[in-house]
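Engineer: Before I ask anything, here is the structure I am working with.
The values are calculated or read from the model by the stated rules, or taken from the named source; none is laboratory data. Please read all numbers here as calculations on a predicted model, not as lab measurements. As a convention, Cβ positions derive from the backbone with ideal geometry for all residues, glycine included, and neighbour counts pool all protein chains shown.
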Amino acid sequence: MAEILIRPLTADDAKTFRNLRLTALETSPEAFGASHAEEAAQSLSFFAARLAPEPPGQVFGAFLGNVLVGMAGFRTLNSSKSRHKGYLWGVYVAETARGHGFGEKLVTAVIEHARRHVLILQANVVTTNRGAYVLYEKLGFVPYGIESRALRIGDVFYDEALLALDFG
């Protein structure tokens, strides 16, 4: 297997990011607040803008050779009362690349970045996604609640575990 490369994504990566994001939304709809239909209707400039968030926001990509196989984002809020918190979002690894450490390396990259900018990093994970939950716990996240019926796809509801990693 080729070396795993984790790096910040830029607007130049918008096309490959769009393709991976749409795959993620289509194959794992319960893992994301956005829907495939909503984002498939967006222009390439929408995805380029997501890769150029207001600092210290950042989206990281995992590459196998020159192929983008994973992604994870970090964002903060602008409110003076909330900017001490950051959010891990959009974590996904393509099925063909799972089991090789991409997810852990991506989340670790977000943690290292977040540690320089916020006191608390929060994440939400659907309670049925045991793999992600176990990974987040391994990396230090602690559960602080459950949001019942957080997502709805058709007539099916999904609960989300609320997790936090306190850098203090």
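Engineer: Return the only residue of Gly65, Gly73, Gly57, Gly61 being of a type in the set (Gly, Ala, Ser) and out of contact with any strand residue (DSSP E or B) (no Cβ under 6 Å at 6 or more places or on another chain).
Structural biologist: Just a single option satisfies the conditions, and that option is Gly65.
Engineer: Do you know which residues across the stretch 61-75 are surrounded by 13 or more Cβ atoms within 10 Å (Cβ to Cβ) and not small (Gly, Ala, Ser)?
Structural biologist: Phe63, Leu64, Val67, Leu68, Val69, Met71, Phe74, Arg75
Engineer: Report every pair of residues separated by at least 6 positions or lying on different chains whose Cβ atoms are under 6 Å apart, first residue within the stretch 1-28 and farther than 19 Å from Ala40 by Cβ, second of a type in the set (Lys, Arg).
Structural biologist: Pairs that qualify, where the first residue is farther than 19 Å from Ala40 by Cβ and the partner is of a type in the set (Lys, Arg), are Ile4/Lys105; Ile6/Lys105.
Engineer: For His117, only one of the following conditions fails: (1) touching a Pro at 6+ places or on another chain (Cβ under 6 Å); (2) part of a helix (DSSP H, G or I). What is its number?
Structural biologist: His117 satisfies all of (1) touching a Pro at 6+ places or on another chain (Cβ under 6 Å); (2) part of a helix (DSSP H, G or I) except (2).
Engineer: Kindly establish whether Arg130 is among the basic types (Lys, Arg), within 25 Å of Ser35 (Cα to Cα) and touching an Asp or Glu at 6+ places or on another chain (Cβ under 9 Å).
Structural biologist: No, not satisfied.
Engineer: State whether the residues of the stretch 135-151 include one that is aliphatic (A, V, I, L, M), modelled with pLDDT of 95 or more and not in a strand (DSSP E or B).
Structural biologist: Yes, the stretch 135-151 contains a residue that is aliphatic (A, V, I, L, M), modelled with pLDDT of 95 or more and not in a strand (DSSP E or B).
Engineer: Going through Gln42, Gln58 one at a time, which residue ends up being at pLDDT 95 or above and surrounded by fewer than 17 Cβ atoms within 10 Å (Cβ to Cβ)?
Structural biologist: Exactly one of Gln42, Gln58 is at pLDDT 95 or above and surrounded by fewer than 17 Cβ atoms within 10 Å (Cβ to Cβ), namely Gln42.
Engineer: Output the qualifying pairs, or none if there are none: Cβ atoms under 8 angstrom, residues six or more apart or on different chains, first residue in the stretch 131-149 and within 14 Å of Ala31 (Cα to Cα) and polar (S, T, N, Q), second residue modelled with pLDDT under 95 and not in a helix (DSSP H, G or I).
Structural biologist: Short answer, once both residue conditions are applied: none.
Engineer: Those residues that are of a type outside the set (Val, Ile, Thr), assigned to a helix (DSSP H, G or I) and surrounded by 14 or more Cβ atoms within 10 Å (Cβ to Cβ), I need them from the stretch 7-29; list them, please.
Structural biologist: Those that are of a type outside the set (Val, Ile, Thr), assigned to a helix (DSSP H, G or I) and surrounded by 14 or more Cβ atoms within 10 Å (Cβ to Cβ): Ala11, Asp13, Ala14, Phe17, Arg18, Leu20, Arg21, Leu22, Ala24, Leu25, Pro29.
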